[in-house]
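Trainee: Could you have a look at this structure, given as structure tokens, before my questions?
The values are calculated or read from the model by the stated rules, or taken from the named source; none is laboratory data. Here the structure is a predicted model, which means the values were calculated and not measured. So basically every Cβ, Gly included, is an ideal-geometry build from the backbone, and we count neighbours across all protein chains shown.
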Amino acid sequence: MNSKQRLGLIGSRYGLPFIGLLLIGIFSALLPATFASPMTALAIFDAEVIIIMLALAEMLVLVVGEQDLSLGYGIGLTHILALGFIVRDHLPWQLSVILVLLVGAAIGAANAFFVTVVKINSFIATLGVGTVLYAISNWYTDSLQVMGDLPKEFVAIYAGNFFGAPISLVYIVVIVVGLWLVLEFTVVGRYLYALGGNRKAAELSGIRPKRYIFGVWIAVGLLMGFAGIVLASRLQIGSAGTGPDYLLPVFAGAMLGTTTIKPGRANPFGTIIAVTVLGIGIAGFQQLGSSTPFIVPLFNGSTLLIGVGLAVYAAQKVRASNTSAVLPASAAETEEEENSKN
């Protein structure tokens, strides 16, 4: 590998973190009294914690070459149910948490069923499932807010601290490290990446795609359900209109995450960096006075287009490099065969 290729590899892997640091430097210079402060960092994390959880769930689906557009609608339903089971049905908060996790797993299983059994494209299947979930949310709430007195233990799910750090930060660390360990150091992780790279070849090598894709989507549903519980604990008010707003930033963050750390491959650290960079950009523009309602969807939509474009480009570069790595060996084998014939 020559110096130009090495520089390109470093740029593709660490370009996005560099952009994040550059944004921090620019906004800190423009807003020294407000942006460069621990309060801003805490506010960015508070605004992005749910998006990070959902983006990590979307990242898992991207690993196996699928897409999930139901996450925004799913968290809308699960956070409503987390509150409704306690406030309306007077269930213990522990039972409410368990039931919401089960609902999340059921949503994931429904997505997997339509994709792997019915053979509907994941884009269409999850959009359809998500729309049904949105309808259920409106039916359950009757288009009203769900609110009431909540146990302090349930509120502490989001508001609690762990040795001085926000408990939600602990959730993120555990989820990211757990996903990283599974994807990078287990047979299951290698199988999932193989399914996302070339499903037909993976199936011919003995991997059962239906089993692993079902498992991925159930894991995604559990993670979405947990995010719904955390969101309910944070807002303490349930509304059917809350969930869909997460769809665009979650998808943008997950797609942009495939362009960094390991370009061309969905990975946990790339995802969390991507969402953080998006949060930094939005916070900076808002503090500069761009508080108009269009700035956030404009930024997220533009980033989605850029993220998808870069993801496609990175994937093409990875395939090209893999092909070039194979070609010399193939050429050598051909030359050896010709020599043996002579």
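Trainee: Taking into account only those residues within the range 132-156 that are of a type in the set (S, T, N, Q) and surrounded by 13 or more Cβ atoms within 10 Å (Cβ to Cβ), which is farthest from ARG234 (Cα to Cα)?
Mentor: Ranking the qualifying residues of the range 132-156, first place goes to ASN138.
Trainee: Checking ARG211 against (1) among the basic types (Lys, Arg); (2) more than 23 Å from VAL129 (Cβ to Cβ); (3) without any contact (Cβ under 8 Å) to a residue 60 or more places away in the chain, which single condition isn't satisfied?
Mentor: Here ARG211 clears every test but (2).
Trainee: I'd like the full set of residues that are among the aliphatic types (A, V, I, L, M) and more than 30 Å from ILE167 (Cα to Cα), limited to the range 193-240.
Mentor: Residues satisfying the conditions are ALA194, LEU195, ALA201, ALA202, LEU204, ILE207, ILE213.
Trainee: Looking at ASP149, ASP142, can you tell me which residue is charged (D, E, K, R) and touching a residue at least 60 places away in the same chain (Cβ under 8 Å)?
Mentor: Testing whether each residue is charged (D, E, K, R) and touching a residue at least 60 places away in the same chain (Cβ under 8 Å) leaves just ASP149.
Residue-by-condition table, conditions (1) in a helix (DSSP H, G or I); (2) touching a helix residue (DSSP H, G or I) at 6+ places or on another chain (Cβ under 6 Å); (3) at pLDDT below 95; (4) not hydrophobic (A, V, I, L, M, F, W, C):
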{"position": "LEU102", "(1), (2), (3), (4)": "yes, no, no, no"}
{"position": "ALA105", "(1), (2), (3), (4)": "yes, yes, no, no"}
{"position": "ALA110", "(1), (2), (3), (4)": "yes, yes, no, no"}
{"position": "PHE113", "(1), (2), (3), (4)": "yes, no, no, no"}
{"position": "LYS119", "(1), (2), (3), (4)": "no, no, yes, yes"}
{"position": "PHE123", "(1), (2), (3), (4)": "yes, no, yes, no"}
{"position": "VAL129", "(1), (2), (3), (4)": "yes, yes, no, no"}
{"position": "LEU144", "(1), (2), (3), (4)": "no, no, yes, no"}
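Trainee: I would also like to ask the following. Confirm whether GLY178 is surrounded by 13 or more Cβ atoms within 10 Å (Cβ to Cβ) and either part of a helix (DSSP H, G or I) or at pLDDT below 90 (or both).
Mentor: no
Trainee: Continuing with this model, one more query. Quick one: would you say GLU153 is farther than 15 Å from LEU60 by Cβ, at pLDDT 90 or above, part of a helix (DSSP H, G or I) and charged (D, E, K, R)? Please lay out each step first, then the result.
Mentor: Numbers: farther than 15 Å from LEU60 by Cβ: yes; at pLDDT 90 or above: yes; part of a helix (DSSP H, G or I): yes; charged (D, E, K, R): yes.
So GLU153 passes the test.
Trainee: Mind checking which residues of the range 203-247 are in a loop (DSSP other than H, G, I, E, B) and under 26 Å from VAL174 (Cα atoms)?
Mentor: Step one: of the range 203-247, the residues in a loop (DSSP other than H, G, I, E, B) are 205-208, 236-237, 239-242.
Those that are in a loop (DSSP other than H, G, I, E, B) and under 26 Å from VAL174 (Cα atoms): GLN236, THR242.
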